[in-house]
Structure formats: C-alpha cells, structure tokens
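Structure in structure tokens, see below.
The values are calculated or read from the model by the stated rules, or taken from the named source; none is laboratory data. Computed from a predicted model, the values in this text were never measured in an experiment. In this analysis, Cβ positions are derived from the backbone assuming ideal geometry, glycine residues included, and neighbour counts consider all displayed protein chains.
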Amino acid sequence: MDREKLLEEIDNMHQLANELLGQKRFDSYINLFSDSLRYKQINGKTIDKKELAKNTALYFSRLKSTISQYERKSYSIDENRFTENLIQKATASIRVFIFFTKKWTVEREGIYQWSKREGTWEIENIEILSEKVY
C-alpha cells in the first residue's frame, strides 16, 4: 500500500475517533477498537475491550465536552499492521454532581498498533508510555 494513502487512512481514523468522542456516540466509538484489544495503562495494568468499554461508558455518561489532538512521533508499517508512537493531548469537561463541571487536560504518549480487517482499521494494541494530567 502507498505510504501516503495509508497515513491518510490512519489520520482519517483519528479524526473519526475525535468526532465520535465529541458527539458521545459510544457504540461507534468503541467499535474502533479490536475485539482482541490489549491496552496497557500507565500503571502497568493491561485491560481488554470489555473493560475499556465499561470505563468508556461511565466516562461518556459524564462527558460535557472534549477536544483532542495528537502528534505522531514515528511509525512503522508491516503488511496490514500500522504502529505509531503518538503524543495525544486531550482536554475534557465532565459533569460533577448535577450543577458543577470539572475541566482538565491529559497529555499522554503511547504506542498504538492498528490492524486492517475486512477493509477497516481497528486499534489492536495500546501501550501508554507516559501521562501528565493538569
């Protein structure tokens, strides 16, 4: 596959993820992740798609707004696999109790591995390398 076309496809997937997150479309958002997802958190704990879905559903129920951007530091391509090292910066506002809102920014670096199945890219593995919350 042409390298530029592949990068464009992955960039489009990132854009779609941001749109779905902003629109709080949980089912569509969680389907961006492979059923065999392995997500290694900053604390070293690895969760699967079921656990991620549970955590994400709770997050979506309280989410008021979010803005997310990323910078790709490096990437590699191996047949139908795309691995990238990203720095993601996301600002979110969530509902706290009934009337209050809490806003924070998370900056994390991670390695994301995508695989293409039936013509669609899915996130298969994530390893968070660093994380700052402010």
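Say whether the condition of being without any contact (Cβ under 8 Å) to a residue 40 or more places away in the chain, of a type in the set (A, V, I, L, M, F, W, C) and farther than 21 Å from Y39 by Cβ is met by at least one residue in segment 123-134.
no
Just checking, does segment 55-63 include any residue being within 30 Å of R3 (Cβ to Cβ) and either within 14 Å of the chain's Cα centre (by Cα) or of a type in the set (S, T, N, Q) (or both)?
Within segment 55-63 (the criterion being within 30 Å of R3 (Cβ to Cβ) and either within 14 Å of the chain's Cα centre (by Cα) or of a type in the set (S, T, N, Q) (or both)), the answer is no, since none of the residues qualifies.
Considering only segment 45-59, how many residues are crowded, with 16+ Cβ neighbours inside 10 Å and part of a helix (DSSP H, G or I)?
Matching residues across segment 45-59 total 4.
When you go through (1) over 22 Å from I67 (Cβ atoms); (2) outside any helix (DSSP H, G or I); (3) of a type in the set (D, E, K, R); (4) free of Cβ contacts under 8 Å to residues at least 60 places away in the same chain one by one for R38, which number turns out not to apply?
(4)
Return the residue satisfying two criteria in turn: it lies in segment 1-49 and is small (G, A, S) and within 18 Å of A92 (Cβ to Cβ), and of such residues it is modelled with the lowest pLDDT.
Here the residue is G22.
Right, here's the next one. Taking segment 20-35, which residues are part of a strand (DSSP E or B) and surrounded by fewer than 14 Cβ atoms within 10 Å (Cβ to Cβ)?
Of everything in segment 20-35, just one residue is part of a strand (DSSP E or B) and surrounded by fewer than 14 Cβ atoms within 10 Å (Cβ to Cβ), namely D35.
Whether any residue in segment 95-105 is surrounded by 14 or more Cβ atoms within 10 Å (Cβ to Cβ) and either under 30 Å from R3 (Cα atoms) or touching a residue at least 24 places away in the same chain (Cβ under 8 Å) (or both) is what I want to check.
No, because not a single residue in segment 95-105 is surrounded by 14 or more Cβ atoms within 10 Å (Cβ to Cβ) and either under 30 Å from R3 (Cα atoms) or touching a residue at least 24 places away in the same chain (Cβ under 8 Å) (or both).
I would also like to ask the following. Would you check if Y39 is at negative phi and either of a type in the set (K, R) or over 15 Å from the mean Cα position of the chain (by Cα) (or both)?
No: the conditions fail for Y39.
Here's another thing I want to ask about it. Would you mind finding the one in I111, I87, I67, I94 that is more than 15 Å from the chain's Cα centre (by Cα) and in a strand (DSSP E or B)?
Sole residue among the options that is more than 15 Å from the chain's Cα centre (by Cα) and in a strand (DSSP E or B): I94.
Which residues, counting only those in segment 69-90, are surrounded by fewer than 16 Cβ atoms within 10 Å (Cβ to Cβ) and in contact with a helix residue (DSSP H, G or I) (Cβ under 7 Å, 6 or more places away or on another chain)?
If the condition is that a residue be surrounded by fewer than 16 Cβ atoms within 10 Å (Cβ to Cβ) and in contact with a helix residue (DSSP H, G or I) (Cβ under 7 Å, 6 or more places away or on another chain), then I77 is the only one that fits.
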